[in-house]
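Asker: Handing you a structure now.
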Amino acid sequence: MKPANTAPAAPQLRLLLAGLVLLLSVGLARGQGGAVLRKDLKTDFGAVGDGKTNDQLAFERAAAFFNKRAKETPAPTASAVLRIPKGVYLVGRQDEANQGVNVLHLVGCRNLTVTGDDSASTEIRYVDNQRYGSFDPATKRRFDAPNAYFTDGKYAVSVGLCLVLQECDNVRVAKLNINGNSPHTVVGGHWGDTGIQLNFDGIFVRNSRRVILSQLALHHFGRDGIQVLNQLAKSLDDPQREGIVLENSTCNYNGRQGLSLTGVNGFRAVNCSFSHTGQVIVSSIGKALVSSPAAGVDLEPQDGFVTNVDLENCRFVDNAGQGIVSDRPEGNYPASTKNIVISNSLAWGITNWSAWISQPGVLFRDCRFYGAFVHGCKAATPADATRFIGCTFEDRPYHGKPAYGPFTLHSESYARSMSFTNCQFIGTHGYLIHAVPAATDTASLFHLRGCTFLFDYTQPPQGSYDKILGAVFSGNNAFRDGPHRTSAHRSALMLGSGGVVGTTVLRAPGSLQLLAPNTYCLVQSGLDIGRQPAHARDSALVLVANNNALVINETPGKVPELYIGPTSRLVVKKGGALEILRNTKVTIAGQLVIEDGAYFFRDPLAKFAMVGKGRLRVSPKALLTKHPRLYSTYY
């Protein structure tokens, strides 16, 4: 007789085997992905965090532990967390060679989170009296080199980098207040090409992927809050994006930049501030610690590329340099920037330009520029051109300080094909726009679609006038008074290039409306209205309202043309004025309408021609003379 239950029944056997397989798979998974390894900076590495003890060595021990783990553990490394409990952790150590030792230098780490409890209560702060700059190696005293460019390494003294991510993957850093304590630094002489170009950054990312920096405050560093220097991309169009994210963080009151992007393919910053660079007074020198370009954000490729960058809902305010800078060096250099989008952001320049852009591939969407934007890209293709969509340019004061520059936008023979769509320009104290393309061929002209220009002065600006010397208008564009204008002074606007015919173009469908009273608009070398519309019913309209004057002027040696296309009109309303000066060729294929009470001056040497159904309609009650106040003085 068989003993009972000596072997499991078939269904039970299958269930047991399945359980064994499950346990084995879990064990293997824990061996590879593993349970999360959790370490505490205080309990595991000996930090104190009392705001009195120097905890530099605790951070160095933590870095050594995770670096060894990354080196000895084959990929994929199990997830790990380094917790930095709330407290104030003093750091800072300069070695015998006068170089600052990095605080938490992570190399090759994967799947790691470094987190404080929150950025309000977890602070990493450099100790007082760290030396930074050029010092005499013998006397240890400040050394001021006689030459501006100085790079003798024997004199260089750095503070070091607080957090370094070198060749890391899938690392998150969060909830920390990282304080460089620059006001209490002992500052030496200049070193490098300008200012002090030595290590003193909050976070330095080097050749790393999938990095998230969240809820951080990085401030009072002698150089950068954050620098990203990846050289992983093999080309401008490398499809392998690096996935660097900065969110809900501030990089304020640093010496050179809030953020330097010197190499990256795939970076996103959202809800961040990069402000007040170069605005911190250092007690040891009695002035600000500042190094050029002293910007909020610098997009400056170094032997690589800066591509696929998104800056969303960010602030670039009150920097000693530009709010945003991306400057292309002079010469025939290949493009190294592409697909840079800055959206829903504020750039406010008080002592410098709000933004300086000359590198290709930059798009601004729904941004506000308070203080002048300068330059634009000398684009080789339309994709390279600097573009603005839904942006506002205004000379708005900052806490009683005037915004920078006499214009809200200043581009003098620098950019090609720069475009503005649904933008507005508001002048409250200064002029609106100084826009001169780098060339006057049609492809190089600036493009303005659906833009509004508001004269909103309480006092008239002095010494200049608004200029758009080469532009293609489309959509509905208008020059009008703002709601606060109380000054009745004469505003002057110049359109078109004096050297080339046909540099002011209104395409159909579109309109150009002169609605701001006391505005004198001089058009050089002709005005082209609605030539060759894309669709038969598309029309273009130029409207000259009451107390506005439109003057078509010749340039010596050139024959300007006022051309009105077959579906288009130029209408002068009551109190408005149109002057056609000598040698101008007027071709009317549509309609030129001078209404009751409008002023119309036609030089005897101007030549009129009607084409097709073109009509010149001058009301019997029109005034055949120049406007009594808004008149030209050429002839």
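The values are calculated or read from the model by the stated rules, or taken from the named source; none is laboratory data. Owing to the predicted nature of the structure, the values given are computational and were not obtained by experimental measurement. Please note: Cβ atoms are built from the backbone with ideal geometry, for glycine as well, and neighbour counts cover all protein chains shown.
Asker: I'd like the residue in segment 246-274 that is of a type in the set (A, V, I, L, M, F, W, C), in contact (Cβ under 8 Å) with a residue 40 or more places away in the chain and part of a strand (DSSP E or B) and, out of all such residues, is surrounded by the fewest Cβ atoms within 10 Å (Cβ to Cβ).
Answerer: So the first thing to find is which residues in segment 246-274 are of a type in the set (A, V, I, L, M, F, W, C), and the list is 246, 251, 259, 261, 264, 267, 269-270, 272, 274.
Those left that are additionally in contact (Cβ under 8 Å) with a residue 40 or more places away in the chain: 251, 261, 264, 267, 269-270, 272, 274.
Filter once more, keeping what is part of a strand (DSSP E or B): 261, 264, 267, 269-270.
On the way: Leu261: 28, Val264: 26, Phe267: 25, Ala269: 28, Val270: 16.
The selected residue is Val270.
Asker: Kindly establish whether Gly349 is modelled with pLDDT of 95 or more, in contact with a strand residue (DSSP E or B) (Cβ under 9 Å, 6 or more places away or on another chain), more than 19 Å from Lys378 (Cβ to Cβ) and not β-branched (Val, Ile, Thr).
Answerer: Values: modelled with pLDDT of 95 or more: yes; in contact with a strand residue (DSSP E or B) (Cβ under 9 Å, 6 or more places away or on another chain): yes; more than 19 Å from Lys378 (Cβ to Cβ): yes; not β-branched (Val, Ile, Thr): yes.
For Gly349, the condition - modelled with pLDDT of 95 or more, in contact with a strand residue (DSSP E or B) (Cβ under 9 Å, 6 or more places away or on another chain), more than 19 Å from Lys378 (Cβ to Cβ) and not β-branched (Val, Ile, Thr) - is met.
Asker: Considering segment 479-521 alone, what residues qualify as being of a type in the set (A, V, I, L, M) and assigned to a strand (DSSP E or B)? If you could, list the steps in order and put the result at the bottom.
Answerer: Residues of segment 479-521 of a type in the set (A, V, I, L, M): 488, 492-495, 500-501, 505-506, 508, 512, 514-516.
Of everything in segment 479-521, those that are of a type in the set (A, V, I, L, M) and assigned to a strand (DSSP E or B) turn out to be Ala492, Leu493, Met494, Leu495, Val505, Leu506, Ala508, Leu512, Leu514.
Asker: Is it the case that some residue within segment 540-561 is among the basic types (Lys, Arg), outside any loop (DSSP other than H, G, I, E, B) and closer than 27 Å to Val500 by Cα?
Answerer: Scanning segment 540-561, I find no residue that is among the basic types (Lys, Arg), outside any loop (DSSP other than H, G, I, E, B) and closer than 27 Å to Val500 by Cα, so the answer is no.
Asker: Which of the residues that make up segment 230-245 are among the small types (Gly, Ala, Ser) and not in a loop (DSSP other than H, G, I, E, B)?
Answerer: Here is the first cut: in segment 230-245, the residues among the small types (Gly, Ala, Ser) are 233, 235, 243.
If the condition is that a residue be among the small types (Gly, Ala, Ser) and not in a loop (DSSP other than H, G, I, E, B), then no residue fits.
Asker: Considering only residues that are under 17 Å from Gly390 (Cα atoms), polar (S, T, N, Q) and either more than 9 Å from the chain's Cα centre (by Cα) or surrounded by fewer than 24 Cβ atoms within 10 Å (Cβ to Cβ) (or both), which ones fall in segment 329-369?
Answerer: Within segment 329-369, Ser343, Asn344 qualify.
Asker: Considering only residues that are at pLDDT below 95 and among the basic types (Lys, Arg), which ones fall in segment 288-339?
Answerer: Residue satisfying the conditions is Arg328 alone.
Asker: Okay, next question. For segment 403-410, state whether one or more residues are within 18 Å of Met494 (Cβ to Cβ) and surrounded by fewer than 23 Cβ atoms within 10 Å (Cβ to Cβ). First the steps, then the outcome.
Answerer: From segment 403-410, those within 18 Å of Met494 (Cβ to Cβ) are 406-410; that's our starting set.
Still in the list and also surrounded by fewer than 23 Cβ atoms within 10 Å (Cβ to Cβ): 406, 410.
Yes, segment 403-410 contains a residue that is within 18 Å of Met494 (Cβ to Cβ) and surrounded by fewer than 23 Cβ atoms within 10 Å (Cβ to Cβ).
Asker: Kindly list the number of the only condition in (1) over 25 Å from Ala478 (Cβ atoms); (2) crowded, with 22+ Cβ neighbours inside 10 Å; (3) small (Gly, Ala, Ser) that fails for Gly557.
Answerer: Of (1) over 25 Å from Ala478 (Cβ atoms); (2) crowded, with 22+ Cβ neighbours inside 10 Å; (3) small (Gly, Ala, Ser), only one is false for Gly557: (2).
For every residue, the table says whether it meets (1) surrounded by fewer than 13 Cβ atoms within 10 Å (Cβ to Cβ); (2) assigned to a strand (DSSP E or B); (3) modelled with pLDDT of 95 or more.
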position	(1), (2), (3)
Ala4	yes, no, no
Pro8	yes, no, no
Leu15	yes, no, no
Lys39	no, yes, yes
Glu60	no, no, yes
Val81	no, yes, yes
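Asker: What pairs come up if the first residue lies in segment 433-449 and is touching a residue at least 12 places away in the same chain (Cβ under 8 Å) and over 19 Å from Asn477 (Cα atoms), the second is in a loop (DSSP other than H, G, I, E, B) and among the β-branched types (Val, Ile, Thr), and their beta carbons are under 8 Å apart, counting only those six or more places apart or on different chains?
Answerer: So the pair list comes out as Thr440/Val500; Thr440/Thr503.
Asker: Only one residue in Ala545, Ala589, Ala622, Ala577 is crowded, with 18+ Cβ neighbours inside 10 Å, of a type in the set (A, V, I, L, M, F, W, C), touching a Lys or Arg at 6+ places or on another chain (Cβ under 6 Å) and modelled with pLDDT of 95 or more. Which one? Before the answer, list the steps.
Answerer: Values: Ala589 fails: touching a Lys or Arg at 6+ places or on another chain (Cβ under 6 Å); Ala622 fails: touching a Lys or Arg at 6+ places or on another chain (Cβ under 6 Å); Ala577 fails: touching a Lys or Arg at 6+ places or on another chain (Cβ under 6 Å).
Selected residue: Ala545, the only one of Ala545, Ala589, Ala622, Ala577 that is crowded, with 18+ Cβ neighbours inside 10 Å, of a type in the set (A, V, I, L, M, F, W, C), touching a Lys or Arg at 6+ places or on another chain (Cβ under 6 Å) and modelled with pLDDT of 95 or more.
Asker: Those residues that are among the hydrophobic types (A, V, I, L, M, F, W, C), free of Cβ contacts under 8 Å to residues at least 40 places away in the same chain and not in a loop (DSSP other than H, G, I, E, B), I need them from segment 384-406; list them, please.
Answerer: Once the filter is applied, which keeps residues that are among the hydrophobic types (A, V, I, L, M, F, W, C), free of Cβ contacts under 8 Å to residues at least 40 places away in the same chain and not in a loop (DSSP other than H, G, I, E, B), segment 384-406 yields Phe388, Ile389.
Asker: State whether one or more residues within segment 275-283 are part of a strand (DSSP E or B) and surrounded by fewer than 21 Cβ atoms within 10 Å (Cβ to Cβ). Quick ask: steps written out before the conclusion?
Answerer: Applying the first criterion (part of a strand (DSSP E or B)) to segment 275-283 yields 281-282.
Within this subset, residues satisfying the condition of being surrounded by fewer than 21 Cβ atoms within 10 Å (Cβ to Cβ) are 281-282.
Yes, segment 275-283 contains at least one residue that is part of a strand (DSSP E or B) and surrounded by fewer than 21 Cβ atoms within 10 Å (Cβ to Cβ).
Asker: Search segment 142-159 for residues being charged (D, E, K, R) and part of a loop (DSSP other than H, G, I, E, B), and hand back the single one that is farthest from Asn199 (Cα to Cα).
Answerer: Step one: of segment 142-159, the residues charged (D, E, K, R) are 142, 144, 152, 154.
Retained after the next criterion (residues that are part of a loop (DSSP other than H, G, I, E, B)): 144, 152.
Details: Asp144: 19, Asp152: 15 Å.
Of everything passing the filter in segment 142-159, Asp144 is farthest from Asn199 (Cα to Cα).
Asker: While we're on this one: Is it the case, given these coordinates, that Asp136 is acidic (Asp, Glu), touching an Asp or Glu at 6+ places or on another chain (Cβ under 9 Å) and modelled with pLDDT of 95 or more? Please lay out each step first, then the result.
Answerer: On the way: acidic (Asp, Glu): yes; touching an Asp or Glu at 6+ places or on another chain (Cβ under 9 Å): no; modelled with pLDDT of 95 or more: yes.
For Asp136, the condition - acidic (Asp, Glu), touching an Asp or Glu at 6+ places or on another chain (Cβ under 9 Å) and modelled with pLDDT of 95 or more - is not met.
Asker: How many residues does segment 169-219 hold that are part of a loop (DSSP other than H, G, I, E, B), over 14 Å from Tyr253 (Cβ atoms) and among the β-branched types (Val, Ile, Thr)? Steps first, please.
Answerer: Of all residues in segment 169-219, those part of a loop (DSSP other than H, G, I, E, B) come to 180-181, 185, 188, 190, 193-195, 197-199, 207-208.
Adding the requirement that they be over 14 Å from Tyr253 (Cβ atoms) leaves 188, 190, 193-195, 197-199, 207-208.
Then keep just the ones that are among the β-branched types (Val, Ile, Thr); that gives 194.
Looking only at that region, the number is 1.
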